[in-house]
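Participant: Handing you this structure, nothing more for now.
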Amino acid sequence: MEHSEVWTAIDDQRCALVHLLEDLSEEEWRRPSLCHGWTVRQLAAHLALQNTTWPAMPRVVLDLLRRGGMNGAIHAMACRHAELPVQVIIGEIRDRIGVWRPLPTVTFRETAIDYLVHGQDIAVPLGRTLPMPPGLAVIAADRVWSRPRMFHARKKLAGYRLVADDAPWAAGQGHEISGPVGALLLLLTGRPAALPSLSGPGAAGLRELLTPSPAA
């Protein structure tokens, strides 16, 4: 995909997520997401924080010191931001539509991962549908696979070969696991929700690998 095509696809994901969030009931906002310990509202707030990351940096540093790590600090920020009215949270995500620049220290590839994976973290447990464009999912899957410390996917999936059946993407060596590239992206990021969409000789051994719940 060309650079402009990637950002257009990211904007499409932002739009789709906004439409989904606008349709949620109060009860759905309180539901658990696919991320262990995160509600739908907290995860939406995490995405909305992409507008306010730099102004919030002093608070992030304090949270890092108090909680002993980045994951705890990110969760603390999201929990605070989730106290805002839902329309404010939705509006902040909507305001990113058309903003074709990533957050500091990351690339558009990480932006794609955020919207694709966290979009499913919100949609799947609610029984909602949020389609993942295969081309954008390929870019996200490539990024996760190529970064050993990102979800530790290559280490966890050593001995498996992942093959997309809806896009030209494959990675790894060993027992084959096949399915839509979007499901493979969820597998790479540790989401058990990927399991029903995957098949092949290696699929039977995946449940044990995916037992630990992922963090956002």
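The values are calculated or read from the model by the stated rules, or taken from the named source; none is laboratory data. Since we're looking at a predicted model, the values are computed, not measured. When we count neighbours, we look across all protein chains shown, and the Cβ atoms used for this are built from the backbone with ideal geometry, even at glycine. With ligands, DNA and RNA removed, areas are computed over all heavy atoms of the protein, side chains included. Shrake-Rupley method; radii C 1.70, N 1.55, O 1.52, S 1.80 Å.
Participant: Assigning unit charges at the beta carbon (Lys, Arg +1; Asp, Glu -1) and nothing else, what dipole magnitude in debye, to the nearest 20, does the chain show about its Cα centre? Mind dumping the intermediate values first?
Facilitator: Numbers: 22 positive and 21 negative charges, 186 e Å.
It comes to approximately 900 debye.
Participant: Next question. His175: accessible area at probe 1.4 Å, nearest 10 Å²?
Facilitator: 120
Participant: Follow-up. Quick check: residue separation of Ser199 and His36 times 0.36 nm, minus the Cα distance between them. What number comes out in nm?
Facilitator: On the way: separation 163, 0.36 × 163 = 58.68 nm, distance 2.50 nm.
That works out to 56.2 nm of additional length.
Participant: Still on this model: Along Cα→Cβ, 7 Å out, is where each label goes; now give me the distance between the ones at Asp11 and Arg128 in nm to one decimal.
Facilitator: Roughly 2.2 nm, to one decimal.
Participant: Share of the chain's accessible area from carbon and sulfur, percent, 1.4 Å?
Facilitator: Working: 5830 of 10530 Å².
Result for the chain: 55 percent of the exposed heavy-atom area is carbon or sulfur.
Participant: How would the range 74-154 be classified by its alpha-carbon gyration tensor: rounded, prolate or oblate, with rounded meaning a/c under 1.5 and the a/b versus b/c comparison settling the rest? Write down the numbers at each step before the final one.
Facilitator: Numbers: a/c = 1.56, a/b = 1.42, b/c = 1.10.
Note, shape of the range 74-154 comes out prolate.
Participant: Using a 10 angstrom cutoff on alpha carbons, build the Gaussian network for the chain and name the most mobile of Leu34, Leu17, Leu157.
Facilitator: Highest fluctuation of the listed residues: Leu157.
Participant: If you don't mind, there's one more thing I want to ask. Taking square-rooted eigenvalues a ≥ b ≥ c of the alpha carbon gyration tensor, is the range 107-164 rounded, prolate or oblate, where a/c under 1.5 means rounded and, failing that, a/b exceeding b/c means prolate?
Facilitator: On the way: a/c = 1.84, a/b = 1.53, b/c = 1.20.
Cα axes put the range 107-164 in the prolate bin.
Participant: Out of the range 147-216, which chymotrypsin sites (Phe, Trp or Tyr not before Pro) are coil in DSSP terms and have no more than 11 other C-beta atoms within 10 Å? Don't skip to the answer; put the middle values down first.
Facilitator: On the way: sites: Phe151, Tyr160, Trp169; in loops: Phe151, Trp169.
Listed in order of number, the matching sites amount to none.
Participant: As a check on your grasp of the helix formula, calculate [θ] at 222 nm for the chain: sum -39500 (n - 2.57) over DSSP H runs of n ≥ 4, divide by the residue count, round to the nearest 500.
Facilitator: On the way: 11 runs with 111 residues, N = 216.
One gets -15000 deg cm²/dmol as the mean residue ellipticity at 222 nm.
Participant: Restricting to the chain, compute how many DSSP beta bridges are antiparallel as a %, nearest 5.
Facilitator: On the way: 5 of 11 bridges.
About 45 percent, rounded to the nearest 5.
Participant: Solvent-accessible area per residue for the chain at a 1.4 Å probe radius, Å²?
Facilitator: Numbers: 10530 Å² over 216 residues.
Here the residues of the chain average 49 Å² of exposed surface.
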